[in-house]
Amino acid sequence: MEFDTSATAGLAAWCAGTGIALDGPPRLTLIAGGRSNLTYRVADGTGDRYVLRRPPTGGVLQSAHDVGREYRIITGLATTDVPVPVAHGLCTDETVLGAPFYVMSLVPGTVLAGDEDGAGYPVPARRGASTDLVRVLTAVQRVDVDAVGLGDLGRRDDYGARQLRRWLRQFRLTTRRGLPLVEELHDQLARTIPPQRFTGLVHGDFRPGNVLLSPEGRINAVLDWELATLGDTLADLGWLVATWRQPGEAELLESPTAHPGFASREELVAAYQAGTGRDVSDLPWYQAFALWRLACIFEGIFVRYSAGVMGDDGVDPAAEGERVVRFAEAARDAFARLG
């Protein structure tokens, strides 16, 4: 989405009123790669200054793409061990840019979204980056949500059943085609939900593509909190492992980790166990659930890109539609391995 002069003037006025410093008119550039909320780099006369997040221009479902929720979460996490950008301001006046948005600091670092990113990341830093992902994930799960004002972010119990209901509902509201495998998998997962042993903050999309890494393999910031809630913390480990690619594996979801130096899935799980002491025997269910949820999420992405409401960042809508089917098939295969 491009912004006209009146919109950028409105943004400049809002920034001035909020105390966000700008040296000259703001210039917004869409950052490629985001398939959920739209992310823009904000520059002024001195160069890149901030990052702005706003919902897509259409196809927004109730409870999805809530930038106010994202803003609240990163504000709450500012005093914790979880590295997040500094939140500078939230605008709920839709006359400024046509939708709510928030502005946060521009944090240095590299996002490892896909295979090429992983290939280009320094080999000596790959092991450290793998280890730091687990370290930061455990920091997310240690957050005292009541102490940082996030205790009412969502219900804490019955996470698996709630998530299954939510994503099936989102899928049904979004899809315009027949995909019976998604419905069948929902029923199979619902019948086999493990007991919820550990409860805390769940990021919802914790993977290398949603963190900013230093060249030395340290996480400078965790991004994209729009799916965060309270619930079963093993879900984030299941998501990380399910989306972690090893050498020789197909790139189902963009993944940078199929290169020498990155940890294996087994090593990630071992590091998590060493850091938390938690039982991970139910992890295979959470891996199958993660792949099923990806099918539901990407159906929404497919529909939004097909409708042209996600900006021009080079994504092929047809490829996104095909990816939904592959996720569902991978979830089916993962579920079959549960025994």
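Structure notes:
- Of all the numbered requirements in (1) within 27 Å of Gln141 (Cβ to Cβ); (2) open to solvent by less than 50 Å² (accessible area, probe 1.4 Å); (3) assigned to a loop (DSSP other than H, G, I, E, B), Leu338 misses one, and that requirement is (2).
- Considered as a group, the residues in the stretch 202-218 that are open to solvent by less than 10 Å² (accessible area, probe 1.4 Å) and in a strand (DSSP E or B) include one that is farthest from Phe335 (Cα to Cα), and that residue is Leu213.
- Annotation note: of Gly10, Gly17, the sole residue that is small (Gly, Ala, Ser), closer than 17 Å to Leu90 by Cβ and modelled with pLDDT of 95 or more is Gly17.
- Meets criteria (at pLDDT below 95, among the hydrophobic types (A, V, I, L, M, F, W, C) and open to solvent by 10 Å² or more (accessible area, probe 1.4 Å)) for Val107: no
- Criterion: open to solvent by 50 Å² or more (accessible area, probe 1.4 Å) and either farther than 27 Å from Pro194 by Cα or part of a helix (DSSP H, G or I) (or both) - qualifying residue of Ala235, Ala250: Ala250
- The combined condition, being open to solvent by less than 20 Å² (accessible area, probe 1.4 Å), within 19 Å of Ala290 (Cα to Cα) and under 22 Å from the mean Cα position of the chain (by Cα), is fulfilled by Leu168.
- Among residues of the stretch 142-159 that are open to solvent by 90 Å² or more (accessible area, probe 1.4 Å), those with a Cβ under 8 angstrom from a residue that is among the basic types (Lys, Arg), sequence gap 6+ or separate chain, pair up as Arg155/Arg162.
- Conditions (1) closer than 27 Å to Trp167 by Cβ; (2) out of contact with any strand residue (DSSP E or B) (no Cβ under 8 Å at 6 or more places or on another chain); (3) in a helix (DSSP H, G or I); (4) open to solvent by 60 Å² or more (accessible area, probe 1.4 Å); number of the one not met by Thr75: (2)
- The stretch 253-302, residues that are assigned to a loop (DSSP other than H, G, I, E, B) and either touching a strand residue (DSSP E or B) at 6+ places or on another chain (Cβ under 7 Å) or open to solvent by less than 40 Å² (accessible area, probe 1.4 Å) (or both): Leu253, Ser255, Pro256, Thr257, Ala258, His259, Gly261, Phe262, Ala263, Ser264, Val280, Asp282
- Condition check for Glu226: in a loop (DSSP other than H, G, I, E, B) and either of a type in the set (Ser, Thr, Tyr) or surrounded by 17 or more Cβ atoms within 10 Å (Cβ to Cβ) (or both): yes
The values are calculated or read from the model by the stated rules, or taken from the named source; none is laboratory data. Every value quoted in this text rests on a predicted model; they were computed, and no experiment measured them. Cβ sites come from the backbone with ideal geometry, for glycine too, and all protein chains shown count toward neighbours. Each accessible area value is taken on the protein alone, full model and side chains, heavy atoms only, with ligands, DNA and RNA left out. Shrake-Rupley method; radii C 1.70, N 1.55, O 1.52, S 1.80 Å.
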